[in-house]
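Below is one structure; the comments refer to it alone.
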Amino acid sequence: MAWCTLRGSKWVVLVALAICSGTAVAADVETREFRVLVDGKRAGDAQMTIHRADDGTLSMHCDTEINVKAGPFRVYSYKYRGRETWKDGKLVRLQSTCDDDGKHFDVQAEGKDGKLFVSVNHVVRGVRSDVWLTSYWQEPDKKKYDTVIPLLDADCGRELDGHLRLVATEQWAVENRVENVKHFELTGKVRVDLWYDAAGRLIRQEWMEDGHRTKLELKNIRH
């Protein structure tokens, strides 16, 4: 996620809720809580709440806050609030605000007539409708394995691309049980490692940011 989302580009992550039909019940709502570590030290937290509507619409709301310190001094801060809506594997809407150490971004994206229109600080442009957001919160479709994927940076609206490769299937402890977890590597304009559990949930993310090893680790899931 950059920080410009925990994604593998500028310090943090992830991302977002939008239109929810209101028909979802408790079983259709899931909250994932993450810790953020920079060079092995706790630097912040992220929370993603996912809603699944009866018609298959997926909405995700992400809150992230990071503060990196050197001794008693703050050297970097990041705040992100994002809302995403997906339908049939495509982004329908994105709304996000980000304060990346004093740099402010207001990003809006909406799909219309087979196109995706993105506004960054009120400047509008068109982008590909099949972008994957750098929130990375759900496992990509198998059709995207070993391909170059168009990416949209959720917190600053930057367009990127990356080659997605399935590295291995590994065994990890998820919710107090051991299960097979898929490890992906995304390279190109971004470089990030991603791990997804058997349900396709992001459980871990690692990348280098300005020479610092940064990690997003799942610590709890609430249903």
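Counting only strands (runs of 3 or more DSSP E) that sit completely within region 162-223, those holding 3 or more residues that are over 27 Å from residue 101 (Cα atoms) and over 17 Å from the mean Cα position of the chain (by Cα) correspond to 177-188. Here is the figure for region 203-219: residues that are surrounded by 13 or more Cβ atoms within 10 Å (Cβ to Cβ) and touching a strand residue (DSSP E or B) at 6+ places or on another chain (Cβ under 6 Å) total 11. Do the conditions hold for residue 222, that is, is it under 25 Å from residue 78 (Cβ atoms), modelled with pLDDT under 95 and either surrounded by fewer than 16 Cβ atoms within 10 Å (Cβ to Cβ) or among the basic types (Lys, Arg) (or both)? Spelling it out, residue 222 is indeed under 25 Å from residue 78 (Cβ atoms), modelled with pLDDT under 95 and either surrounded by fewer than 16 Cβ atoms within 10 Å (Cβ to Cβ) or among the basic types (Lys, Arg) (or both). Scanning region 162-185 for any residue that is surrounded by 19 or more Cβ atoms within 10 Å (Cβ to Cβ) and out of contact with any strand residue (DSSP E or B) (no Cβ under 7 Å at 6 or more places or on another chain) turns up nothing.
Applying the set (1) more than 13 Å from the chain's Cα centre (by Cα); (2) buried (at least 18 other Cβ atoms within 10 Å of the Cβ); (3) modelled with pLDDT under 95 to residue 75 leaves exactly one unmet item: (2). For beta carbons closer than 6 Å, sequence separation of 6+ or different chains, a first residue in region 174-188 that is at pLDDT below 95 and a second that is part of a loop (DSSP other than H, G, I, E, B) and of a type in the set (A, V, I, L, M), the qualifying pairs are 179/198. If you scan region 38-67, which residues turn out to be in contact with a Gly (Cβ under 8 Å, 6 or more places away or on another chain) and among the β-branched types (Val, Ile, Thr)? Scanning region 38-67 gives 64, 66.
The values are calculated or read from the model by the stated rules, or taken from the named source; none is laboratory data. What you are looking at is a predicted structure, and each value in this text was computed from that prediction instead of being measured. Cβ: placed from backbone, ideal geometry, glycine included. Neighbour counts: every protein chain shown.
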